[in-house]
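*Asks:* A single structure is presented below for examination.
The values are calculated or read from the model by the stated rules, or taken from the named source; none is laboratory data. What you see is a predicted model, and the numbers here were worked out from it, not measured in a lab. Using ideal geometry, Cβ is built from the backbone for each residue, glycine included, and neighbour counts are taken over all protein chains shown.
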There are 6 protein chains.
Amino acid sequence: MPTIMVEGPPIKEIERKRQLVKKLTDVAVEIYGIKHITVLIRENAPENVGVEGQLIIDRHKQSSNR
Amino acid sequence: MPTIMVEGPPIKEIERKRQLVKKLTDVAVEIYGIKHITVLIRENAPENVGVEGQLIIDRHKQSSNR
Amino acid sequence: MPTIMVEGPPIKEIERKRQLVKKLTDVAVEIYGIKHITVLIRENAPENVGVEGQLIIDRHKQSSNR
Amino acid sequence: MPTIMVEGPPIKEIERKRQLVKKLTDVAVEIYGIKHITVLIRENAPENVGVEGQLIIDRHKQSSNR
Amino acid sequence: MPTIMVEGPPIKEIERKRQLVKKLTDVAVEIYGIKHITVLIRENAPENVGVEGQLIIDRHKQSSNR
Amino acid sequence: MPTIMVEGPPIKEIERKRQLVKKLTDVAVEIYGIKHITVLIRENAPENVGVEGQLIIDRHKQSSNR
């Protein structure tokens, strides 16, 4: 029953998603002792995430300007 | 006020979405006795969902190989 | 795999929770054609929910004053 | 640490997203007294949202028919 | 329809919750141009939140030891 | 920025929560290459979770009757 929702940036390589699901599930199985774990990967576009009041897309622009 | 979020696979036919919203709302109205129900349908790509440590996209490949 | 999260007010009677889970699941099974449905009921205290800018707890007070 | 998730309709102009993140963050910083706030904007297609049992996409059609 | 979910630490004073809901709603009304906004305040116990791999409850202990 | 929300049954021992947060964070740091990870543990009472149409609390009763 446990469900893990991961809010993060987009992941291009499917192998990385495979690893993310595999490893998060292993942790949950170990801690909860329950085998049926669901993982939902949410890919948030950098224009839809704000950190400390600023869109990620704007923070990256600033960084690359430096 | 009650809000229902449904995490599931993509739904192609809009009529099925219509039915999903209609019927989930009917249940919530009946149980809560509140008319204003919001339903959010989330369509998760099979490469973004893991069940028992494996991406849905990989589980389907295995099934079709059998 | 589909997971339904229901954000609503507290539900006192367990039988109502039983009905909520049973009926939401029936809808999801019918629409998705998938048997393994998880439902999470979230009970939100009236002081933790705001509608149109006002806490539910304050709205109720106003109503009962009328 | 506080995280704000906003479920709403799609927002076309990035400047509006910028304002949304900036202003929600200002509120959270003021109330919680914590500087590190994350905001996630979720854009829900009108065919994936139901209000009072009806898809937004159908409600809009009705309105424009009037 | 827009719904704002705020994940933060517990808030003791109801007046602060009142302000949080009022101000977040004002922002959402301004940006979306929609009046019907719902806000859900979620209060997370410091033993249920981890930042950079450490429970908040442990981080606070460390701080007070200094 | 990545945030991991874990919906599971209650966890009594704080050391298990500590391990859950530590290990989920390690996985996320490895896959995303981002250090600032937040984990929210949600503890769902067995009367608030339904699996295949049945409350967990009822499933457990049935099991212990066998």
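*Asks:* For residues that are in contact (Cβ under 8 Å) with a residue 24 or more places away in the chain and in contact with a Leu (Cβ under 7 Å, 6 or more places away or on another chain), scanning just segment B:26-45, find the one that is farthest from C:Pro2 (Cα to Cα).
*Replies:* B:Val39
*Asks:* On to the next question. Does E:Thr25 qualify as being under 23 Å from B:Ile41 (Cβ atoms), within 16 Å of the chain's Cα centre (by Cα) and among the β-branched types (Val, Ile, Thr)?
*Replies:* No: the conditions fail for E:Thr25.
*Asks:* Oh, and also: I'm told E:Gly8 meets every condition in (1) away from chain C (no Cβ under 12 Å); (2) small (Gly, Ala, Ser); (3) under 22 Å from F:Thr25 (Cβ atoms) except one. Can you identify the failing condition by its number?
*Replies:* That leaves (1) as the condition not met.
*Asks:* Same structure, new question: Considering only residues that are more than 9 Å from chain D (Cβ to nearest Cβ) and more than 14 Å from C:Leu24 (Cα to Cα), which ones fall in segment B:12-31?
*Replies:* Passing the criteria: B:Lys12, B:Glu13, B:Glu15, B:Arg16.
*Asks:* Would you tally the residues in segment C:1-25 being within 18 Å of B:Met5 (Cβ to Cβ) and either surrounded by fewer than 16 Cβ atoms within 10 Å (Cβ to Cβ) or modelled with pLDDT of 95 or more (or both)?
*Replies:* Selection size over segment C:1-25: 15.
*Asks:* Let me ask something else. Taking the criterion of being at pLDDT 95 or above and within 8 Å of chain D (Cβ to nearest Cβ), would at least one residue in segment B:51-66 satisfy it?
*Replies:* No: segment B:51-66 contains no residue that is at pLDDT 95 or above and within 8 Å of chain D (Cβ to nearest Cβ).
*Asks:* Also: For chain B, which strands (runs of 3 or more DSSP E) that fit wholly inside it have 1 or more residues that are among the acidic types (Asp, Glu)?
*Replies:* In chain B, B:3-8, B:38-43 are the strands (runs of 3 or more DSSP E) which contain 1 or more residues that are among the acidic types (Asp, Glu).
*Asks:* Right, something else. Condition test on B:Ile41, is it surrounded by 21 or more Cβ atoms within 10 Å (Cβ to Cβ), under 14 Å from the mean Cα position of the chain (by Cα) and more than 8 Å from chain D (Cβ to nearest Cβ)?
*Replies:* no
*Asks:* Turning to a different aspect of this structure: Does segment B:9-17 include one or more residues that are touching a Leu at 6+ places or on another chain (Cβ under 6 Å) and of a type in the set (A, V, I, L, M)?
*Replies:* For segment B:9-17, residues touching a Leu at 6+ places or on another chain (Cβ under 6 Å) and of a type in the set (A, V, I, L, M): absent.
*Asks:* In addition: Assuming B:Ile34 fulfils every condition listed in (1) within 23 Å of C:Glu52 (Cα to Cα); (2) surrounded by 15 or more Cβ atoms within 10 Å (Cβ to Cβ); (3) within 12 Å of chain D (Cβ to nearest Cβ) apart from one, which condition is it?
*Replies:* (2)
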